[in-house]
Amino acid sequence: MVKQENSERLGPIEPSPSSSSTERTVLNVNDLRTYFFTREGVVKAVDGVSFLLRKDETIGLVGESGCGKTVTCLSILGLISRPGRIVGGNVLLDGKDLLKKSEREMAHIRGRRITMILQDPMTSLNPVFTIGNQVAEAIGIHQRVRGRRLWEKTVEILGLVRIPSPEMRLGDYPHQMSGGMRQRVVGAAALSCRPEVLIADEPTTSLDVTIQAQYLNLLKEVQNQLHVAMIFVTHDFGIVAKMCDRVAVMYAGKIVESARMRELFHNPLHPYTAALLKSLPKLEGRQEWLTTIEGQPPSLLNLPPGCSFAPRCRQVDDHCLEEYPPSVIVSETHTVSCWRAV
Ligand SMILES: Nc1ncnc2c1ncn2[C@@H]1O[C@H](COP(=O)(O)OP(=O)(O)OP(=O)(O)O)[C@@H](O)[C@H]1O
Ligand code: SF4
Ligand SMILES: [Mg+2]
């Protein structure tokens, strides 16, 4: 195992990528820090987050509510507004730092090179416009197509996300569609410009289980067709198992463990990851049981020194309370930030 130099400053980061994986890197998030300067104090919502995203792959961002998943995604897209501010790090898209781009340049990148699907389709769709208009608008803003060609493209992309008889549905308003269909329309708008990176922030939470499974299959198929790299935010390890190649587990604004999906499931090294996996519902005999992680995640205001998970950790010792654990490279594809692994 290798302890990373400067690990306290950097937080847990990916092991050095091999040259082939570097070539395939689409997005490189490095030591990202996004703070909210509130009256009560500084909320360190994202505090040293680093990860790589490669072409065709999906990385899962998982963790309990409030750990900084959405703020990480919004920071990548340059969508942090007051009292929030990105105070450090860089976000490299094809080697160019997005944090140095002007708002005008970012508006060009959002929707064209990086797009995002939100949790609730109704917050992304405008109820007073038809779905045809809304998808066409997304295409029209970023591609120079008008008139008949624009409508053909709109029908094509709605077909790609399996809206049945899309030419007949162009005039429908969002309330005339089911939740699953609305979410597919949002997906169509997000994918219409064939982005390099798709960020899906809990896109299936508002869908029932069957529709959720269909939607996830569809996203996977479309990903294979368009070769888009995906950041998939979820609370649900079942979805991680289905969708993700690699997983980054977040706790209190930091990535505490990252690994290939199977490696993480079979050999979780951080007590928080192990507890999350234990809290998955399991069927034993006929009884379904669920263990929960004791205690609450900490407030991100004025975090005490030491490991943020310490108040909930069964393996805590004095050292854990004094100093934040460095990131340890366990293998080429596995890092963990815990004193027990040092
Ligand atoms: N505008 C804001 N002002 C102050 N704090 C904020 C603001 N927006 C987010 N935060 C804080 O940033 C932290 C991370 O929030 P974030 O929305 O990223 O959590 P999350 O991991 O996406 O949670 P969830 O699973 O509930 O969506 C939270 O503690 C939240 O309270
Ligand atoms: S560093 Fe200590 S408190 Fe934190 S997860 Fe590891 S053992 Fe638990
Ligand atoms: Mg969120």
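Filtering segment 60-105 to residues that are crowded, with 16+ Cβ neighbours inside 10 Å and basic (Lys, Arg) leaves 69, 101. Evaluating residue 276 against the criteria (1) part of a strand (DSSP E or B); (2) in contact with a strand residue (DSSP E or B) (Cβ under 8 Å, 6 or more places away or on another chain); (3) at pLDDT below 95 leaves one unmet condition, (1).
A quick yes/no check of all residues on (1) in contact with a strand residue (DSSP E or B) (Cβ under 6 Å, 6 or more places away or on another chain); (2) within 16 Å of ligand 2 (Cβ to nearest atom); (3) in the same structural domain as residue 308 (by TED's automatic domain parsing); (4) modelled with pLDDT under 95:
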| position | (1), (2), (3), (4) |
| --- | --- |
| 36 | yes, no, yes, no |
| 101 | no, no, yes, no |
| 136 | no, no, no, yes |
| 146 | no, no, no, yes |
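Taken as a whole, the condition of being buried (at least 21 other Cβ atoms within 10 Å of the Cβ), within 16 Å of ligand 1 (Cβ to nearest atom), within 17 Å of the chain's Cα centre (by Cα) and modelled with pLDDT of 90 or more applies to residue 248. Filtered by the rule that a residue be crowded, with 22+ Cβ neighbours inside 10 Å and either within 16 Å of ligand 3 (Cβ to nearest atom) or among the basic types (Lys, Arg) (or both), segment 25-42 gives 32, 34. Filtering segment 144-160 to residues that are loosely packed, with under 15 Cβ neighbours inside 10 Å and either in contact (Cβ under 8 Å) with a residue 60 or more places away in the chain or among the acidic types (Asp, Glu) (or both) leaves 152, 156. Where residues in segment 207-243 are more than 27 Å from residue 93 (Cβ to Cβ) and touching a helix residue (DSSP H, G or I) at 6+ places or on another chain (Cβ under 6 Å), which of them is farthest from ligand 3 (Cβ to nearest atom)? Ranking the qualifying residues of segment 207-243, first place goes to 211. So for segment 255-278 (the condition being within 16 Å of ligand 3 (Cβ to nearest atom), aliphatic (A, V, I, L, M) and crowded, with 23+ Cβ neighbours inside 10 Å), does at least one residue qualify? Taking every residue of segment 255-278 in turn, at least one turns out to be within 16 Å of ligand 3 (Cβ to nearest atom), aliphatic (A, V, I, L, M) and crowded, with 23+ Cβ neighbours inside 10 Å.
Annotation: of all residues in segment 304-317 being crowded, with 17+ Cβ neighbours inside 10 Å and part of a loop (DSSP other than H, G, I, E, B), the one that is nearest to ligand 1 (Cβ to nearest atom) is 308. Criterion first (surrounded by fewer than 22 Cβ atoms within 10 Å (Cβ to Cβ) and assigned by TED's automatic domain parsing to the domain that holds residue 135) does residue 176 satisfy it? So residue 176 fits the description; yes. Set side by side, the residues 163, 141, 117, 109 differ, and just one is touching a Gly at 6+ places or on another chain (Cβ under 9 Å), surrounded by 18 or more Cβ atoms within 10 Å (Cβ to Cβ), without any contact (Cβ under 8 Å) to a residue 60 or more places away in the chain and not hydroxyl-bearing (Ser, Thr, Tyr), which is 109.
With respect to the conditions (1) more than 15 Å from the chain's Cα centre (by Cα); (2) closer than 14 Å to residue 201 by Cα; (3) not hydrophobic (A, V, I, L, M, F, W, C), residue 271 falls short on a single one, namely (2). Taken together, the residues in segment 296-321 that are of a type outside the set (S, T, N, Q) and over 30 Å from residue 39 (Cβ atoms) amount to 7.
Inclusion of residue 118 among residues that are within 16 Å of ligand 1 (Cβ to nearest atom), touching a strand residue (DSSP E or B) at 6+ places or on another chain (Cβ under 8 Å) and not assigned by TED's automatic domain parsing to the domain that holds residue 293 is warranted. Could you tell me whether residue 221 is among the charged types (D, E, K, R) and surrounded by fewer than 18 Cβ atoms within 10 Å (Cβ to Cβ)? In short, yes.
The values are calculated or read from the model by the stated rules, or taken from the named source; none is laboratory data. These figures come from a predicted structure and were not determined experimentally. Because the Cβ atoms are built from the backbone with ideal geometry, glycine has one as well, and the counts that use them run over all protein chains shown.
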